Every structure is written in structure tokens, then in C-alpha cells.
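Before any comments, here is the structure.
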Amino acid sequence: MRPVILLCLLLAIGCDAAIDQFPANDVYALTLAHSRDVRTELAQRDVAEVIRSLFGTPESPVWPSEIFDGEAKSLVKSESLTAAAGPIFSDREGNNFGLFNKHCVACHGVSGSGAGPAAVFQNPYPRDFQAGVFKWKSTERSAKPTRDDLVGLLHRGVKGTGMPSFALVSEADVSALTDYLVYLSVRGEAERKLLAFAIDELGYDDSEDDSSEFLIEDADVHQIVGEIVESWLDASKRGVPVPKEVASNTDSIARGKDLFHGQIANCVGCHGPGGNGAAVTLDFDDWAKEYSSRIGLTPTNRDAMKPFRQAGALRPRQIKPRQLNQGVLRGAGDGKAIYRQISQGIAGTPMPSLTITKQESATGLTSDQVWDLVHYVQSLGSQPGDTLP
Amino acid sequence: MNMEPEPSSAELTKDDPSSSRIVHRLAVLSVCLVWPLIWVGGLVTTYDAGMAVPDWPNTYGYNLFLYPYKTWLLGPFDLFIEHGHRLLGAVVGFVAIGLAVAAYLKETRRWVFWFAVAVLLAVIFQGALGGIRVVQMSRTLAMVHGCFGPAFFAACVALAVVTSRSWRDSCPADRGQSAITELAQVPRSTVILGLVLVALGYTQLVLGAQLRHVQPTMRPDGFATIVVFHVVTAFVLWSVTAVGYWRMRKLKSCCGDLTLWRPAAALIGLVLLQIVLGTGTWVANYGWPTFLQGFPGATGFLIRAKGFWDSIVVTAHVATGSLILAVSTMIWVRSWRLRYCSQSASEVANET
């Protein structure tokens, strides 16, 4: 290390690793290569070019509003990108720049892959924004979070994980960060979808042919990116309505307890009796499954994971169902949030959704019964719904 | 630290012990100023305030000392600490100038004068490094600046030690007092032990700086490796301090003012404190690591970005690191002196 430092001194031109472009999503490319049994270099090369020309670089990110219409144009504001990207500094008025590098990059990484420098020792790992899947939200399982969900998340943080609360960061900065995170997510998802599209539809899979013909058409790009942006705009329409709460009393809690330990909901199967976490589970989250069990590899097999680790993936880490009797919830934590989590499950995790029925039945629960479960869950933790002051 | 060989003892015997008292006082003053300077500098990094003032050597176009104090005191916090760091740094610079001048006028040992000059050059270099870091917006230079600071601090401590009165008094042989022959021989290994403490202490600072000034593109495995080294070295250092204490304890009876067992004992405590602060630093930044998840409160622990107490813990970790280096340096330089004295004492004894 010392020679490197001395070298820096001699050159006196900051020899910071130049971040002139976003790192490519090699893990996903390898996943595709493995599941389709194809080579992906050509597709990766061309997709990288498309993505760069649309979204710019970490130092000067771009929101490609020219290819969108209507609301999509302003989903991400370019001032926000200016404030969030690039080196950290602040101006005389106290405006801060380089916010993502300042607050997030050590964990979430330059491209939002979740494999930032400090990711290894964390459990759960920091979120990979590129898959476009989020846990703590008020919307349907398959929907994106709303803007309010994200701002709330940044304010609240996620207890018991590495995700900090940014309550002490100014509202303007949080807003810029939110935009940047949506930008990274859209960019990352576009890269993934385009790569899959190029390989599955455009004949980039032909390993024999190394013609360097550029096959990706603008129309397809606009279509794919457009759909992703649409899903973000749709989020506000896909909020999970929460029906009227049934009275929270010992009866409701007792009913909830039965349901929790009963056949239909079978919460006990994962969370253990009384939510004590004693159930034995061996499961992984969707981000890890994508490059392991979903493509026929064992997540715990080090040799099988090795190429993925070399491509930049983190070693798959078991996900444990929450120990509910500790009273620590990672989502918003209020009754409505728990209602939504129980009915929708938690996206990206094994926690399943329930079928909500009008009448009590053998296959689903009524909304009143879900509320009973909420009350039971709340009764398990000593301080349910504990949020930041 | 470039320690030049001790001049002949004849030179020293002539000299009046009070002559360089002013040099010693200035050296102590610089030590007392540099530690807070390291704290403020650490806060600058903790708050990412290094770029709160985009120009240098001016502050927003103003001369450093003419920057309106109201804007400074009432402005944003990061401007407050960055400009404060610059002002305090400038004060240390003036003290270093005074030190070199005083050493030139008052100090009879030429190597001490040159040492003072080296300290002055170092502070100039450090200031320039800080400035270039701002102008170039370089995180790497910020890291180098952060690593050089503690080295400078250690140099100030060494200067204070060599100009101290007890430094002179500790060598009766220098004054031809051959009568005192009970000076125990200080083995070479004790001096080497002091050097090992310094080396390990500094290695820890460099490793820590790698973690603190992490490059966004660093691979997670690289970061994890540095973390592991940093933690392992911490415990190695801690055991070496225990050995050091035991060694110094054995010298206890010999050396009057220059006893070293007290600082050696303090060092054990400091390294322990540093390990606790280091754990706190990790928790404040990244939460409870997986292997400590069983710790009470870990399950519901919430990291608060830019929390005040969190920043204090992190910065205290940085400042204590420098302190460990400084105390190690003191032990090393003094043990070296003791060895020198005990050797010359026995030579004198042999001659008579």
C-alpha cells in the first residue's frame, strides 16, 4: 500500500479510481449465460452502449426524458441527479452534492447492485436496486414502492439491518437521493431486461457467429424502458387498500393466535410457535436465488457459487423469518403496514401472500381475520409499531 | 522520525539545562494543539466536510484569516469545522515556525534544531496536502493527509521528549557523574519492542484510513480483507502492549523521571479503549456484524446517518489511534535514550 500512496503523492493528481462508467451487471449476464447456455459478451457490449447513451455515467447521469412522454419525463428530476451524483462537496449556500457517494455508495455500490465495498459483513445484504424489487412498501407485492414509501424508508431506516435512518439529512437531500435511487433502479432494470431481450429475441445467443453487427433497435429500447418507467408511475395506483380495522381486544388477539398457528395461514411454520423463531427453515431471498437455486445451483455450494462471486455476487445468505416476539419490525411497523405485509407477503422474500376472501373459507382469510393476525403480531412484541420519534 | 546520532557527551556537559526550555515549551504546545487538530480533522472526514469550502488557500475567496467570523460561526456545520480545521492548522504552522526559530537561537544540540526544521517542513507539507486534496477533490489525497497527520503528531511528541529536562537529567554519564552506576542495562530488545509498537500503531492507522476513505469501486472482498487485517492487528498490538508493560516494569527501578512503565500501562488501556471504539465505529456505520448479532439490542439497532454521538465515537476512534501512536513513540524514543545512557554510564564506570 505504501508504494501506492507514495505514487499518489508524486503524481499529486488525485489517483482516485476513475468512475467513468457504471460497472456492468456481470452477475446477471452470467446468470443468463448459465441458464440459457449461451455466450453473452456481444449482447453485453451492445447493451452497455445503449444504456450508456441513454443514462450517462456515474459522474454525469442523464434521465432520458426525450424518449418518454407525460409524467414519465419528470419521474426523476435532473437537478436531483446533479446533486446526488459525482464527487462530494458543498457550495457556499450549503447545498450538498455527491449525495449518493456520501450516504449510500459504501453499501449499495456505484450501480446500486447492493455489492458495495462494505456489503460482505451485513445481514441482510444491502438491496440490489437493479432488480427493481423492494420489500418495505404500501403497494402490491409485484408493484414498485411509491415515492412516499421510499422517502418514509429513508427517514425511518431499517432497524436491525445496515440500512440507516437519514432523518438527520435535509428534506431536499433525501428527495434528491430518492430520485437518484429510482434512476439507478430504472437504469439497472433496463440493463437487465435489454440483456435478456437481446439474448432471447435478437439472436445474440449465437455463440458461433462473432459478427459485430449491432442488432438492438431504438423502438425496442424505448418499449422496454418505457414499461419499466410505467411500472414506477403505476405504483400510486397499486396501493393495497386496508379495510376497516376490527376492534383490537383480547378476543381479536385470541382469534389471531389461532389463525397464526392454524392450517390456512400457517405462520407458525416459518415464524415458530408464538413467533419465537424456533421453526427450522432453510431459505434464501429472491436476489440470491436468482443466481443459485433458480438456475439449478445450490446456494450453499461454494464451488458452484464461485464464478458468480468472481463476477461480483455476494455469497448467498440464508434469510430467517422474523422473530416476532422481539417486537422489532423492519417495515413501517404500524397496523396498516402489518396488514399489508400479511396480505401481500414481503416481496423478494419467502414470506407468502394470502388469499383474501369475502367469507371465511378453507383456503383464504377475510380481511377481519387478517386484522386479528395483525393484533396478535402486535401483541407479541412489547412495543409494536415503535417508530422514530 | 529521523533521529540523528547523539552528539558527543562533552558537548552537552557544557550546556545550561535551562537554555532550551522555550524550545521544549513550544514543542509541548504543538503537541497540545495537534491532538485537537486531529480531532477536528477527523470530524471533517466523518461529516464529509472536506469539500465544504471548495477553494484553497482562500476560503470562498477570502484570505484564511479574514474570512468573516460570523459567516464562519453561523454558517453550515461542515463549513464551520472545515474552516476551523484550516485556522487551527495555521496556528500549528506558526507554532512550528516559532519552534524552529527558538531552536536555532537557544538549542545547543544541532540535531535538535534540524529536527525542529523537519517538523516545520512537515507541517507545511501537511497543509499543502490538505489544500491540494481540496483543489483536486481527491479522496486518495484526503487519505494520505489523514495518514500523515498522526505521523506529524508523533514527531511533535518526539521533539517534546528530546527537549525535556528529564531527557538530559536521565544521563548522569553525560555530566560525568560516574558515581551513579546502578543504571540497569536496557536490552536492545526493549528498544526494538518500542519500535514494534510504533510500527503496529501506524499500520493500524493506515489500514483504518483505507476503510474510512473507501473508494466506491472497491470490491467487497477487498474491503473485508482489510477489515480482517485491521481487527487481527488490533489484537496483536494489544498483546504487544502487554509484553511492553512487563518489560518496562522490569526497568522500573532504574531510571527516575524516565520511568516508562506508566505510559506502557496507559497504552494497554488505550488499545483496549481503541478496540471498543473501533467496534463502536463499525456499529455506527454498518450496524452489528453478523457474528455479534446476539449482542443485546443488536436486533432492534437502528443506524442513524450523521448522528452526533455516532460521529463522536468514529472521530474518537481516529483520535485515539493517533494517541496510541504518540505514546508508543514516546516509549520508543525514551527507551532508546535509556539504553544509550545505561551504556555510556557503564562505559564511564569502566573508565574510572
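The values are calculated or read from the model by the stated rules, or taken from the named source; none is laboratory data. Just so it is clear, the model here is predicted, and its values are computed rather than measured. Cβ atoms come from the backbone with ideal geometry, glycine included; neighbour counts cover every protein chain shown.
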Are any residues in region A:62-109 among the small types (G, A, S), more than 14 Å from chain B (Cβ to nearest Cβ) and buried (at least 22 other Cβ atoms within 10 Å of the Cβ), and if so, which ones?
-> A:S80
Go through region A:142-156 and give me each residue that's surrounded by 21 or more Cβ atoms within 10 Å (Cβ to Cβ) and in a loop (DSSP other than H, G, I, E, B).
-> A:A143, A:K144, A:P145
Assess whether B:S138 counts as being among the polar types (S, T, N, Q) and either at pLDDT 95 or above or under 20 Å from B:I22 (Cα atoms) (or both).
-> no
Hits in region B:17-55 - residues which are within 22 Å of B:F153 (Cβ to Cβ) and within 12 Å of chain A (Cβ to nearest Cβ) = B:V44, B:T45, B:T46, B:Y47, B:A49, B:G50
Quick one: is B:T329 within 14 Å of another protein chain (Cβ to nearest Cβ) and either charged (D, E, K, R) or assigned to a helix (DSSP H, G or I) (or both)?
-> no
What's the number of the condition A:V186 fails, among (1) away from chain B (no Cβ under 14 Å); (2) of a type in the set (V, I, T); (3) free of Cβ contacts under 8 Å to residues at least 24 places away in the same chain?
-> (3)
Among the residues of region B:301-352 satisfying the criterion of being modelled with pLDDT of 85 or more, farther than 30 Å from A:G162 by Cβ and among the small types (G, A, S), which is nearest to the chain's Cα centre (by Cα)?
-> B:A326
How do the pairs read when you match residues in region B:290-314 that are without any contact (Cβ under 8 Å) to a residue 40 or more places away in the chain with residues anywhere that are among the polar types (S, T, N, Q) and in a loop (DSSP other than H, G, I, E, B), using Cβ under 7 Å and keeping only pairs 6 or more apart or on different chains?
-> B:T290/A:N123
Among residues of region B:115-152 being touching a Ser or Thr at 6+ places or on another chain (Cβ under 8 Å) and crowded, with 22+ Cβ neighbours inside 10 Å, the residue farthest from the other protein chains (Cβ to nearest Cβ) is B:V119
Is there any pair with a first residue in region A:75-100 that is basic (K, R) and a second that is surrounded by 19 or more Cβ atoms within 10 Å (Cβ to Cβ) and assigned to a helix (DSSP H, G or I) whose Cβ atoms are under 6 Å apart and which are 6 or more apart or on different chains, and what are they?
-> A:K77/A:D179
Going through region B:50-85 in order, the residues found to be touching a strand residue (DSSP E or B) at 6+ places or on another chain (Cβ under 9 Å), of a type outside the set (G, A, S) and in contact (Cβ under 8 Å) with a residue 40 or more places away in the chain are B:M51, B:V53, B:P54
Inspect region A:141-148 for any residue being within 10 Å of chain B (Cβ to nearest Cβ) and touching a strand residue (DSSP E or B) at 6+ places or on another chain (Cβ under 7 Å) and give the result as yes or no.
-> no
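Going by what's in this entry, would B:L99 be described as touching a residue at least 60 places away in the same chain (Cβ under 8 Å), surrounded by 20 or more Cβ atoms within 10 Å (Cβ to Cβ) and under 17 Å from the mean Cα position of the chain (by Cα)?
So B:L99 fails the test.
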Residues A:D173, A:D200: which one is within 14 Å of chain B (Cβ to nearest Cβ) and of a type in the set (D, E)?
-> A:D173
So, of the residues in region A:113-140 that are over 13 Å from A:G348 (Cβ atoms) and among the small types (G, A, S), which turns out to be farthest from the other protein chains (Cβ to nearest Cβ)?
-> A:S138
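For region B:102-128, name all the residues that are among the aromatic types (F, W, Y) and under 18 Å from the mean Cα position of the chain (by Cα).
If the condition is that a residue be among the aromatic types (F, W, Y) and under 18 Å from the mean Cα position of the chain (by Cα), then B:F115, B:F125 are the ones that fit.
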Where residues in region B:219-229 are surrounded by fewer than 19 Cβ atoms within 10 Å (Cβ to Cβ) and not β-branched (V, I, T), which of them is farthest from the other protein chains (Cβ to nearest Cβ)?
-> B:F229
